[in-house]
Amino acid sequence: KSPFHGFSAEFAEHKIYNPGESTKHIDWKLFAKTDRLYTKRYEDETNLRCHMILDNSASMYYPEVKQLSIEKLNKIGFGVLSIAALMQVLKKQRDAVGLSIYSDAYNFHAAEKSSERHFQMLYSKLNEVSKNTSVSQTTKTYTYLHQIAEKIHRRSLIFLFSDMFQTETEETQLFEALRHLKYNKHAVVLFHLLDHKHELQFDFENTPKRFVDVETGTHIDLYADNIKNAYNEKVKQYQENLKLKCAQYGIKYIGVDIGSNFSQVLNAFMIE
C-alpha cells in the first residue's frame, strides 16, 4: 500500500475543503447533498519492487528426486516453484521482480525489472536450476546475504528461500546477515525449507546406516535411535533461535515442510 496521496489514482476518502485550496477536486455532488465543501482525496499508486533470493547449495537438493513434480518436491524444487508462482502474481500486477541465486559463490543476480523479456529470462534461469544435478558442495549463507543486501538499494519486498543450513554454523553471523536484509526498510519474508520427517524428527529405521553430509562429504555410521533425542533437541533449538531472531528483526518467518501439499502452503501465505 502506498504511503503517498495524490490526485491521479484510486479514490481514498473525502477531506474538508480549506479556503485557499484549489477548487479542482471539490466534490460538487456531495456539496449539493450536504451544503458543505469537501475535496476528494485519492491514493497515489506506487510500483512494488520485489527481490527473490534462492539458496542453491547442495543441502537444498535433499531429498534426492529424479523427476520433480508438484506431488514430489525436494527443497530446491519447492523454492523454484514458489518463486515462479509468486512471480506470476507480481507479473499480473506489473510489478518489478529481481532474482539472486547463491551456493558456494554468488552465482546469479538480476536487478528488479517488470518487462516481459525480463520475466522470461528469470523463468528460464529457474528452469535451469530445477534441472541441475551438479551442485556445489559448500556454502556460507551469511556471506552472500550481505552481498545481496548491498545490491538492493531501493525499498523492496524480499523473499528468501533457504534451509538455513551451512557448512560453518556461525549463528551470530547468519543472524546479522538477516538483519542486514532489513536495511533500507525492506520487508523480508523467510521461507525456511525443511524435510520435517528426516531433518527435524530424524525419522529413520533403527538399522546400521551411513549418514553423509552432502556439503562437506564427511560421514558417520550409527543407529538412528542412538542420537535421535539429542539431534531433535539441537535442531529444535536452532529453529527456535532462528524464529526468535526473525521476530526481533521484523522478518516474517514461514516454516515449510516440503513433504506437505505445495498449494496449501503457498495459499495459506497468500491469504494471510
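The values are calculated or read from the model by the stated rules, or taken from the named source; none is laboratory data. Note that this is a predicted model, so its numbers are computed, not measured. Cβ sites come from the backbone with ideal geometry, for glycine too, and all protein chains shown count toward neighbours. For the accessible areas, the whole protein counts, side chains as well, though only heavy atoms, and no ligand, DNA or RNA atoms are used. Shrake-Rupley method; radii C 1.70, N 1.55, O 1.52, S 1.80 Å.
Tabulated results
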| read-out | value |
| --- | --- |
| Subset of K91/K151; K66/K234; K72/K245 violating a 26 Å alpha-carbon distance limit | K66/K234; K72/K245 |
| Qualifying aspartates and glutamates (Cα of each under 13 Å from Cα of K228; at least 8 residues distant if same chain) | E199, D203, E205 |
| Most mobile of I53, I26, I70 in a GNM of the chain (Cα contacts under 10 Å) | I26 |
| Ranked order, E71, E170, E215 - accessible area, probe 1.4 Å, largest first | E71, E170, E215 |
| GNM result for the chain, Cα springs below 10 Å: residue of L222, L244, L81 fluctuating most strongly | L222 |
| All aspartates and glutamates inside 19 Å of K40 as judged from Cα atoms, apart from same-chain residues fewer than 8 positions distant | E10, E13, E21, D27 |
| Principal axis box of the chain, alpha-carbon based, largest edge first, Å | 86, 39, 34 |
| Protein accessible area in region 137-272, 1.4 Å probe - carbon and sulfur % | 50 |
| Length-normalised contact order for the chain - Cα pairs under 8 Å, 6+ apart - percent | 17 |
| Label-point gap, in nm, between N127 and T216 - each point 7 angstrom along Cα→Cβ | 3.9 |
| The chain - accessible surface per residue (Å², probe 1.4 Å) | 58 |
| Per principal axis, descending, Cα span of region 29-106 in whole Å | 72, 30, 16 |
| Expected 222 nm ellipticity per residue - DSSP helices of 4 or more, -39500 (n - 2.57), all of the chain, to 500 | -11500 deg cm²/dmol |
| Per residue, the convex hull volume that the Cα atoms of region 222-272 enclose (Å³) | 92 |
| Distant-in-sequence amide H partners of G255 (H built 1.01 Å from N, under 5 Å) | H192 |
| Long-range HN-HN contacts of V214 with modeled amide H, under 5 Å | none |
| Residue-by-residue Karplus 3J(HN,Hα) for region 112-123, coefficients 6.51, -1.76, 1.60, Hz, glycine and proline x | 6, 9, 10, 6, 4, 4, 5, 4, 5, 5, 5, 4 |
| Debye, to nearest 20: dipole size of region 223-272, +1 on Lys, Arg Cβ, -1 on Asp, Glu Cβ | 160 |
| In Hz, Karplus ³J(HN,Hα) per residue of region 261-270 (6.51, -1.76, 1.60; θ = phi - 60°; x = Gly, Pro) | 5, 4, 4, 5, 5, 6, 5, 4, 5, 5 |
